[in-house]
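For reference, the structure is listed below as structure tokens.
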């Protein structure tokens, strides 16, 4: 068995060894339902789509993804098991990927449990299934990038609370970077190219682009490269802390 699969299976099973899995799934589905029906106007909109769900997904993962990622490396460091993990005959990159993929799959499980809403809109009307698939892809990408940020932050500390708070702040800034209010602030003293660069790293901008129902290569490349870059940064951070 590949080393990353060993780490992946260990981490994924660990979620169900404690009440964490049940609590996370219940909270996610409860909040998703409240936001979709009460604030999103699922029935009042009179349209057979899931936009009333997807528009809130980034904000749900803004807080719930850090709650998953905060323990990835901080818990290992707190318990002192990170030294054991890094000395095992397993490449560190495999450990990083294994932990990340376990957390990502768990978040995708929570997302998949919202699919009865897809069945509902299909029964009530004739939705654009391509747009719904694109919405789920966009939601999965947001979850992945937030977990990658959280894993990188978790690798820097052994305090899970600090990892959670810092991850929420970083993810929040990554979302806001494309807002007109933020861009107008930077336009006053930065060149147009620099402002465009800030706008291009906005998670919400790329999420909304996918939400329109067209899966463009540039958006997939953005999320894929950001996730890979953050995992590489996590690898170097753990390696640096180990040598220090």
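The values are calculated or read from the model by the stated rules, or taken from the named source; none is laboratory data. Since this is a predicted model, take the numbers as computed values, not measurements. For neighbour counting, all protein chains shown are included, and Cβ atoms are generated from backbone atoms with ideal geometry for every residue, glycine included.
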Exercise. Any residue in region 90-101 that is over 13 Å from the mean Cα position of the chain (by Cα) and assigned to a loop (DSSP other than H, G, I, E, B)?
Worked result: yes
Problem set entry | Evaluation of residue 146 against (1) modelled with pLDDT under 90; (2) part of a helix (DSSP H, G or I); (3) in contact with a helix residue (DSSP H, G or I) (Cβ under 7 Å, 6 or more places away or on another chain) (one fails), failing number | (1)
Seminar exercise, completed: Of the residues in region 105-131, those that are surrounded by 17 or more Cβ atoms within 10 Å (Cβ to Cβ) and farther than 18 Å from residue 54 by Cβ come to 106
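If you go through region 15-41, how many residues are under 23 Å from residue 72 (Cα atoms), out of contact with any helix residue (DSSP H, G or I) (no Cβ under 8 Å at 6 or more places or on another chain) and either part of a helix (DSSP H, G or I) or at pLDDT 85 or above (or both)?
Number of matching residues: 5.
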For this session: Go through (1) over 21 Å from residue 157 (Cα atoms); (2) in a helix (DSSP H, G or I); (3) touching a residue at least 60 places away in the same chain (Cβ under 8 Å) and name the single condition residue 66 misses.
Result: (1)
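Can you tell me how many residues in region 163-180 are surrounded by 15 or more Cβ atoms within 10 Å (Cβ to Cβ) and touching a residue at least 40 places away in the same chain (Cβ under 8 Å)? It would help to see each step written out before you state the result.
We begin by selecting, within region 163-180, every residue surrounded by 15 or more Cβ atoms within 10 Å (Cβ to Cβ); these are 163-164, 166-168, 170-171, 174-175, 177-178.
The next check asks that each one be touching a residue at least 40 places away in the same chain (Cβ under 8 Å); those that pass are 163-164, 167-168, 171, 175.
Final tally of qualifying residues: 6.
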Seminar exercise, completed: Of the residues in region 202-223, those that are surrounded by fewer than 16 Cβ atoms within 10 Å (Cβ to Cβ) and free of Cβ contacts under 8 Å to residues at least 40 places away in the same chain number 4
Exercise. Residue check, residue 141 against (1) buried (at least 17 other Cβ atoms within 10 Å of the Cβ); (2) farther than 16 Å from residue 100 by Cα; (3) touching a helix residue (DSSP H, G or I) at 6+ places or on another chain (Cβ under 7 Å), all met but one. Which one?
Worked result: (2)
Exercise. Taking residue 92 and the conditions (1) over 30 Å from residue 47 (Cα atoms); (2) surrounded by fewer than 20 Cβ atoms within 10 Å (Cβ to Cβ); (3) modelled with pLDDT of 90 or more, which numbered condition does it fall short on, given that it satisfies the others?
Worked result: (3)
